[in-house]
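Student: The structure's right below; bear with me while I get my questions together.
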Amino acid sequence: MFHRPLIPILFAFAGGILVAHKGPAPCQGLALPLFISITLCLFAILFLSSRLRLALLLITFFFTGILVDSGKHHSSELLPWAINRQKVTIEGTVLEPARVSNKIARLKVRAQRLFAGGKSIRINDNILVTVYNNIPHITPGDKVRFPARLRPFKNFNNPGGYDYESAMKLKGLTCAASVSDGRRIVPMGTGLLPFPGALLEKIQRPVRDLFSGNLGPEDEALFRALILGERQGISRLLREPFNRTGLGHVLAVSGLHIGLVAWISFFFFKSILSRFYKLALKTDIQKLTALLTCVPVIGYTCLAGFQISSQRAMIMVLAFLGSLILRREKEVWSTLALAGLIVLAVDPHALFSISFQLSFSAVVGILWLTPSVLKIIPPPHATPQRKMSIFNNISLYFIGLIAVSISATLFLLPIISFYFHRVSLVTIPANLTVVPILGLWIIPNGLLSAVTLPFSAQAANLFLHLGSWGLHAIMEIIRFWSGIPWASAWVVMPNLFEMLMFYALILFIFFFKRRAWARVGLAVLTVFILVDIGYWTYRVHFNRDLKVTFLDVGQANAALVEFPGGQKMLIDGGGFPRDHFNVGKMVVAPFLWHSKIKRIDYLALSHPQSDHMNGLRFIAREFHSKEFWFNGDKVETASFKELMSIIESKKIKMLLPVDLVKGREINGAKIDFMYPLPGKKTSNLFYNGTRLNNNSLVLKISFHGKSFLFPGDLESEGEAAILVSCKQNDLKSDVLLSPHHGSKSSSTREFLSMVKPGICVISSGQGNFFGFPHEQTLKRLEEIGCRAIRIDQSGAVQCTVGPDQQFEIRTFQDSARLVD
């Protein structure tokens, strides 16, 4: 600690940021006391011994971390308008190229003026604008004015969920804005980009035009991502092979790309300078080479838009180049700590960014584990004659690449599992075959095309097409690896304790032969690991309770039923009408992985509408279901056809009302099929506009005297039909999932008096277009003494029924985790 003080200083500084950011109260009012405390500590350091000096220095940096984080919290004049979901007119400057997907455009705008209620208010907020129709041609730097409805960013409040709110704050975005028609966006000339945005756009625009004018759509999207740092053109379909092979990091200009440019530039400059004999005698070639390498590193970062991830990578690379210039290259850990300090001083919220966590952790893993891995991998056999042969050098290069890949992959495993729930099983061979081509051919040619463009368009085009050959080669390689059926595996989400146990395991194994405490620690840790495995095995597969969790999926329905003995059922899966967001993959599945659930035995679809059906596709594909229950209604939509195709390909047994009329019993829990009755064409009784809703599959689940009713989207006509077909107490239930999300056309007094629920769970998105739940529905529930729980206010709702008839209700407001 004493000979590497930068390492504990980094931890102290990060700790201060963490306390300020996650603390119970804001720290803005503490700025003056903190500044005085820091000043006094710095003064006292001059008069203390070395040991006390370090302790006081750590306290100083801890307070400094609190101070710099508090300076990042600013009030916004636009946010109150967004919270009230006001319709306003915004004037501002486009900051980035638009991302277009499924005929929907999203762009980042610096809002500079707000017009509302006859007032003009000067503002300064970055907002995310979504344009739904007639997307205009807009480029960075354009000044625009448009009417929009503002809304705050909102999480799906389920355990293990994506913390969308915090992720947007980390990106500097205040709120979202929706524009229903792009023709309402009025060009206002040239806007003012924040420094150095205007300069960077002048550099990037000709290169962007070069790519779009000379490459196909896929090549253009990839070159823009690799050279300009613009991932707007990367579609989900194009991204998927990269994700399956563990190469998703390739698409973001970060540590890998900046490091490759630095590595190539360093050896290029060194080979050139080494040829000048007199220069080598007068100067230190290594120092001069490191100094020259800083130029292409900074240049590439600027060309890539000087984005936050590339800035951090640049700082880390420059710190290592600085250690070479100062002849401190052996102090790699201190250099890494210094780079971390600089990054966090510039942007303290980088601590919570996944890109920083991955980059920093990868370097830690490489520095720590690579030497040990190299001892395991045998070096190539070298004879005196072949000592400097090309074969030997290539072999050493690939051995080093293998060692680095293994070290980084192993060390990042818990973090990747936590954030992405997916582990690539081909990541090492994929990196070995792709990274050399990327670093030695594609990026150099792409950068040469950008550098030569101002002087010769022909030369730029030549380098661009040379680079595209390499791009085609790596895409074939990536598609080959991703085409292997077992290329990747979805994994459960580790909790913080399990992640710490993983790193403790690496630590104890690393010191196993050299330290006695490591052997004792490994034995104790093994016990903890076995206890953890036993606990989750019992909880997931041998539980004695019935648990029903109504998930927060916005203006949609999804409910997980965990039966005694471990079998699971998902009733509806949520979804959005435009199908631009995969609710099954991004909302439902993370909750399941957080709960260590890898299998859903039964899928039930109330009716084939997007807000109940779309999320089931991912679950059916990845969660090994054995039965699919639905009412038999079919629609001619792409999502329904895809769901049916998945069910067929996965050989999931399909059951209709005629197959379910007798109900089921699963380890004491009874499932009654209530509606529609087989043999009765109830769908003919309703108008076409309400037919699907009123023909919803209705299930009732009972266990030890407690019951739950799932009525889908039944409206008044459907409720009347089910009342006719059921006996007096058939529908009586303790918990009711509100029909049709709390619409006034549902939950009639006759239906509610028959069900007599004590609790009604309403699943409707906050600020939804329909105004659900309607006031009339809430009044009817109040009239019968039923407690209404709104998921949009409470988060996910979990009801537990124990074998001793114990009944418990729990909500999960603000339970999401953080990712960027």
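The values are calculated or read from the model by the stated rules, or taken from the named source; none is laboratory data. Please read these numbers as outputs of a predicted model, since none were measured by experiment. With ideal geometry, Cβ positions are generated from the backbone for all residues, glycine too; neighbour counts draw on all protein chains shown. Ligands, DNA and RNA are stripped out before the accessible areas are found, and what is left, the full protein with its side chains, is counted by its heavy atoms. Shrake-Rupley method; radii C 1.70, N 1.55, O 1.52, S 1.80 Å.
Student: Where in segment 16-114 are there helices (runs of 4 or more DSSP H), lying fully within it, with 3 or more residues that are out of contact with any Gly (no Cβ under 9 Å at 6 or more places or on another chain) and within 30 Å of Y132 (Cα to Cα)?
Tutor: 79-83
Student: Identify all residues within segment 608-641 that are β-branched (V, I, T) and modelled with pLDDT of 95 or more; write none if there are none. So that I can check it myself, show each step before the final result.
Tutor: Filtering segment 608-641 down to residues β-branched (V, I, T) leaves 619, 635, 637.
Residue satisfying the conditions is I619 alone.
Student: β-branched (V, I, T) and open to solvent by less than 10 Å² (accessible area, probe 1.4 Å): is that true of I652 in this structure?
Tutor: Details: β-branched (V, I, T): yes; open to solvent by less than 10 Å² (accessible area, probe 1.4 Å): no.
Judged against the criteria, I652 is not a match.
A quick yes/no check of all residues on (1) in contact with an Asp or Glu (Cβ under 7 Å, 6 or more places away or on another chain); (2) within 22 Å of F356 (Cβ to Cβ); (3) open to solvent by less than 50 Å² (accessible area, probe 1.4 Å):
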{"position": "E220", "(1), (2), (3)": "no, no, yes"}
{"position": "G229", "(1), (2), (3)": "no, yes, yes"}
{"position": "I234", "(1), (2), (3)": "no, yes, yes"}
{"position": "L237", "(1), (2), (3)": "no, no, no"}
{"position": "N243", "(1), (2), (3)": "no, yes, no"}
{"position": "L247", "(1), (2), (3)": "no, yes, yes"}
{"position": "L251", "(1), (2), (3)": "no, yes, yes"}
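Student: Test E201 against the stated conditions and say whether it is of a type outside the set (V, I, T), at pLDDT below 95 and under 30 Å from F418 (Cβ atoms). Outline the logic, then answer.
Tutor: On the way: of a type outside the set (V, I, T): yes; at pLDDT below 95: yes; under 30 Å from F418 (Cβ atoms): no.
When the stated conditions are applied, E201 does not pass them.
Student: Residues of segment 624-647 being in contact with a strand residue (DSSP E or B) (Cβ under 7 Å, 6 or more places away or on another chain) and closer than 21 Å to D713 by Cα, which ones?
Tutor: Residues of segment 624-647 that are in contact with a strand residue (DSSP E or B) (Cβ under 7 Å, 6 or more places away or on another chain), as a first pass: 625-630, 647.
Passing the criteria: F628, W629, F630.
Student: Also, I was wondering about something else. Within segment 792-804, which residues are in contact with a strand residue (DSSP E or B) (Cβ under 6 Å, 6 or more places away or on another chain) and either assigned to a helix (DSSP H, G or I) or open to solvent by 10 Å² or more (accessible area, probe 1.4 Å) (or both)?
Tutor: S794, Q798, T800
Student: Go through (1) under 30 Å from N84 (Cβ atoms); (2) surrounded by 22 or more Cβ atoms within 10 Å (Cβ to Cβ) one by one and return the number of the condition E775 breaks.
Tutor: (2)
Student: Then there's this: N543 passes all but one of (1) open to solvent by less than 10 Å² (accessible area, probe 1.4 Å); (2) part of a loop (DSSP other than H, G, I, E, B); (3) polar (S, T, N, Q); which number fails?
Tutor: (1)
Student: Looking at G470, G446, G521, can you tell me which residue is in a helix (DSSP H, G or I) and touching a residue at least 60 places away in the same chain (Cβ under 8 Å)?
Tutor: Details: G470 fails: touching a residue at least 60 places away in the same chain (Cβ under 8 Å); G521 fails: touching a residue at least 60 places away in the same chain (Cβ under 8 Å).
Answer to the check: G446.
Student: Yes or no: segment 628-640 includes at least one residue that is touching a His at 6+ places or on another chain (Cβ under 9 Å), open to solvent by less than 10 Å² (accessible area, probe 1.4 Å) and outside any helix (DSSP H, G or I).
Tutor: yes
Student: Here are some residues: S449, S417. Which one is under 29 Å from the mean Cα position of the chain (by Cα) and either small (G, A, S) or buried (at least 19 other Cβ atoms within 10 Å of the Cβ) (or both)?
Tutor: Details: S449 fails: under 29 Å from the mean Cα position of the chain (by Cα).
Going through S449, S417 in turn, just one is under 29 Å from the mean Cα position of the chain (by Cα) and either small (G, A, S) or buried (at least 19 other Cβ atoms within 10 Å of the Cβ) (or both): S417.
Student: Here's something else I'd like to know. Within segment 484-497, can you find the residues that are touching a residue at least 40 places away in the same chain (Cβ under 8 Å) and either crowded, with 17+ Cβ neighbours inside 10 Å or assigned to a loop (DSSP other than H, G, I, E, B) (or both)?
Tutor: Taking segment 484-497 and keeping what is touching a residue at least 40 places away in the same chain (Cβ under 8 Å), we get 484, 486-494.
Within segment 484-497, I484, W486, A487, S488, W490, V491, V492, M493, P494 qualify.
Table: residues versus (1) open to solvent by less than 30 Å² (accessible area, probe 1.4 Å); (2) closer than 22 Å to E77 by Cα.
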position: L114; (1), (2): yes, yes
position: V131; (1), (2): yes, no
position: R149; (1), (2): no, yes
position: N157; (1), (2): yes, no
position: E165; (1), (2): no, yes
position: L192; (1), (2): no, yes
position: P196; (1), (2): no, no
position: K202; (1), (2): no, no
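Student: Continuing with the same structure: I'd like to know if segment 769-777 contains one or more residues that are over 15 Å from G554 (Cα atoms), part of a strand (DSSP E or B), in contact with a Ser or Thr (Cβ under 9 Å, 6 or more places away or on another chain) and modelled with pLDDT of 90 or more. Break it down stepwise before answering.
Tutor: Let us first name the residues in segment 769-777 that are over 15 Å from G554 (Cα atoms), namely 774-777.
Adding the requirement that they be part of a strand (DSSP E or B) leaves none.
Checked segment 769-777: no residue is over 15 Å from G554 (Cα atoms), part of a strand (DSSP E or B), in contact with a Ser or Thr (Cβ under 9 Å, 6 or more places away or on another chain) and modelled with pLDDT of 90 or more.
Student: Please indicate, with yes or no, whether at least one residue in segment 34-52 is free of Cβ contacts under 8 Å to residues at least 40 places away in the same chain, of a type in the set (G, A, S) and either open to solvent by 60 Å² or more (accessible area, probe 1.4 Å) or touching a Pro at 6+ places or on another chain (Cβ under 8 Å) (or both).
Tutor: Residues of segment 34-52 that are free of Cβ contacts under 8 Å to residues at least 40 places away in the same chain, as a first pass: 34-49, 52.
Add one more test, that the residue is of a type in the set (G, A, S), and what stays is 37, 44, 49.
Subsequent filtering for residues that are either open to solvent by 60 Å² or more (accessible area, probe 1.4 Å) or touching a Pro at 6+ places or on another chain (Cβ under 8 Å) (or both) retains 49.
Among the residues of segment 34-52, at least one is free of Cβ contacts under 8 Å to residues at least 40 places away in the same chain, of a type in the set (G, A, S) and either open to solvent by 60 Å² or more (accessible area, probe 1.4 Å) or touching a Pro at 6+ places or on another chain (Cβ under 8 Å) (or both), which makes the answer yes.
Student: Does L292 meet the test of being without any contact (Cβ under 8 Å) to a residue 40 or more places away in the chain, open to solvent by 40 Å² or more (accessible area, probe 1.4 Å) and in contact with a Phe, Trp or Tyr (Cβ under 9 Å, 6 or more places away or on another chain)? Full working, then the answer.
Tutor: Numbers: without any contact (Cβ under 8 Å) to a residue 40 or more places away in the chain: yes; open to solvent by 40 Å² or more (accessible area, probe 1.4 Å): yes; in contact with a Phe, Trp or Tyr (Cβ under 9 Å, 6 or more places away or on another chain): yes.
Spelling it out, L292 is indeed without any contact (Cβ under 8 Å) to a residue 40 or more places away in the chain, open to solvent by 40 Å² or more (accessible area, probe 1.4 Å) and in contact with a Phe, Trp or Tyr (Cβ under 9 Å, 6 or more places away or on another chain).
Student: Could you give me the residue pairs with C-beta distances under 8 Å whose first residue belongs to segment 60-77 and is under 19 Å from I123 (Cβ atoms), whose second residue is open to solvent by less than 50 Å² (accessible area, probe 1.4 Å) and part of a helix (DSSP H, G or I) wherever it lies, and which are 6+ apart or on separate chains?
Tutor: Pairs that qualify, where the first residue is under 19 Å from I123 (Cβ atoms) and the partner is open to solvent by less than 50 Å² (accessible area, probe 1.4 Å) and part of a helix (DSSP H, G or I), are K72/P348; K72/H349.
Student: What do you reckon, is K171 under 21 Å from the mean Cα position of the chain (by Cα), under 14 Å from L107 (Cα atoms) and among the charged types (D, E, K, R)?
Tutor: It is true that K171 is under 21 Å from the mean Cα position of the chain (by Cα), under 14 Å from L107 (Cα atoms) and among the charged types (D, E, K, R).
Student: Which residues, counting only those in segment 195-228, are out of contact with any helix residue (DSSP H, G or I) (no Cβ under 7 Å at 6 or more places or on another chain) and either part of a helix (DSSP H, G or I) or more than 19 Å from S468 (Cα to Cα) (or both)? Break it down into steps so the answer makes sense when it comes.
Tutor: Just the residues of segment 195-228 that are out of contact with any helix residue (DSSP H, G or I) (no Cβ under 7 Å at 6 or more places or on another chain), to begin with: 195-199, 201-202, 205-206, 209, 213, 216-217.
Once the filter is applied, which keeps residues that are out of contact with any helix residue (DSSP H, G or I) (no Cβ under 7 Å at 6 or more places or on another chain) and either part of a helix (DSSP H, G or I) or more than 19 Å from S468 (Cα to Cα) (or both), segment 195-228 yields F195, P196, G197, A198, L199, E201, K202, R205, P206, D209, G213, P217.
Student: Same structure, new question: If you go through segment 591-598 one residue at a time, do you hit one that is open to solvent by 60 Å² or more (accessible area, probe 1.4 Å) and part of a loop (DSSP other than H, G, I, E, B)? Before you say what the answer is, go through the steps one by one.
Tutor: First, pick out the residues of segment 591-598 that are open to solvent by 60 Å² or more (accessible area, probe 1.4 Å): 594, 598.
Then drop every residue that is not part of a loop (DSSP other than H, G, I, E, B), which leaves 598.
Checked against the condition, which is being open to solvent by 60 Å² or more (accessible area, probe 1.4 Å) and part of a loop (DSSP other than H, G, I, E, B), segment 591-598 yields at least one hit.
Student: Give the residues of segment 546-587 that are open to solvent by 10 Å² or more (accessible area, probe 1.4 Å) and in a strand (DSSP E or B), sorted by residue number.
Tutor: Of everything in segment 546-587, those that are open to solvent by 10 Å² or more (accessible area, probe 1.4 Å) and in a strand (DSSP E or B) turn out to be K547, E562, I571.
This table checks each residue for (1) farther than 28 Å from F320 by Cα; (2) free of Cβ contacts under 8 Å to residues at least 24 places away in the same chain; (3) among the β-branched types (V, I, T).
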{"position": "R205", "(1), (2), (3)": "yes, no, no"}
{"position": "F211", "(1), (2), (3)": "yes, no, no"}
{"position": "L215", "(1), (2), (3)": "yes, no, no"}
{"position": "G229", "(1), (2), (3)": "no, no, no"}
{"position": "P241", "(1), (2), (3)": "yes, no, no"}
{"position": "V250", "(1), (2), (3)": "no, no, yes"}
{"position": "V261", "(1), (2), (3)": "no, no, yes"}
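Student: Kindly indicate the residue of segment 712-745 that is part of a loop (DSSP other than H, G, I, E, B) and touching a residue at least 60 places away in the same chain (Cβ under 8 Å) and also most open to solvent (accessible area, probe 1.4 Å) among those meeting that condition. Spell out the reasoning first.
Tutor: Step one: filter segment 712-745 for residues part of a loop (DSSP other than H, G, I, E, B), giving 712-715, 726-734, 738, 743-745.
Next, only the ones that are touching a residue at least 60 places away in the same chain (Cβ under 8 Å) stay: 712-713, 734.
Working: G712: 4, D713: 1, D734: 44 Å².
Result: D734.
Student: Restricting to segment 485-503, give me the number of residues that are under 12 Å from F420 (Cβ atoms) and either in contact with a strand residue (DSSP E or B) (Cβ under 6 Å, 6 or more places away or on another chain) or among the acidic types (D, E) (or both).
Tutor: 4
Student: Related question: Residues that are under 20 Å from L170 (Cα atoms) and under 25 Å from the mean Cα position of the chain (by Cα): does segment 59-72 have at least one?
Tutor: yes
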